[in-house]
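Report on the structure given below.
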Amino acid sequence: VTSSAVALILSAVGSGVFALPFAFSLAGSGCGAALTAVISGLACFSGYAMTRCAEITRCFSYGEIVVAALGPHSAWAMEMLVIVALLGSMTALVTLIGDSLPAAE
C-alpha cells in the first residue's frame with residue numbers, strides 16, 4: 001500500500017512540476033490562480049468525501065470503498081481506471097520532458 005501511494009504521489013507531483021508553469025503561461029496569472037484555487041477546493045472536497053465514506057463503511061482502502069458502494073463486480077473496473085490514469089500520467093510526463101529537451105542535431 002505504501003509503495004502504491006508513493007507512486008501515485010510522485011506521478012502527480014512530477015507532472016505538476018512541468019505542467020503548472022505552462023498552464024499559468026497560457027491562462028495568465030489571475031485566471032491561473034483562480035483555476036488552481038478551484039481545483040484545490042475540489043481535491044480537498046474529494047479527500048473529505050473519501051474520508052467520510054471510509055468512516056461510514058468502515059472500509060479503509062479505496063478498493064474496499066468501491067466494492068462496498070458499487071458491489072463486488074466493480075473492483076476490476078476500479079483497478080482498470082487506476083491503471084489508465086497512471087498510464088496517462090506517464091504518457092503526459094514523457095511528452096512534457098520530450099518537448100522541453102533541445103532537439104539533437
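Cα-based Rg (one decimal) and Dmax (whole number) for the chain, in Å?
Just the Cα atoms of the chain yield Rg and Dmax of 17.4, 60 Å.
Which whole-Hz ³J(HN,Hα) couplings does the stretch 85-94 yield from phi under the Karplus relation 6.51 cos²θ - 1.76 cosθ + 1.60, θ = phi - 60°, glycine and proline marked x?
Ordered by residue, 3J(HN,Hα) equals 4, 5, 5, x, 5, 5, 5, 4, 5, 5 Hz.
Counting only helical runs of four or more DSSP H residues, what would the 222 nm mean residue ellipticity of the chain come to if each run contributes -39,500 (n - 2.57) and the total is spread over all its residues?
After summing the helix terms and dividing by residue count, I get -30000 deg cm²/dmol.
What are the ³J(HN,Hα) values, in whole Hz, obtained from phi via the Karplus relation 6.51 cos²θ - 1.76 cosθ + 1.60 with θ = phi - 60°, for each residue of the stretch 35-52 in sequence order, with x given for Gly and Pro?
Residue by residue, the stretch 35-52 yields 5, 4, 5, 5, 5, 5, x, 5, 5, 5, 4, 4, x, 5, 4, 5, 5, 5 Hz.
Quick note: the coordinates plus some simple rules give every number you see, no bench work behind them. Source: prediction; values computed, not measured.
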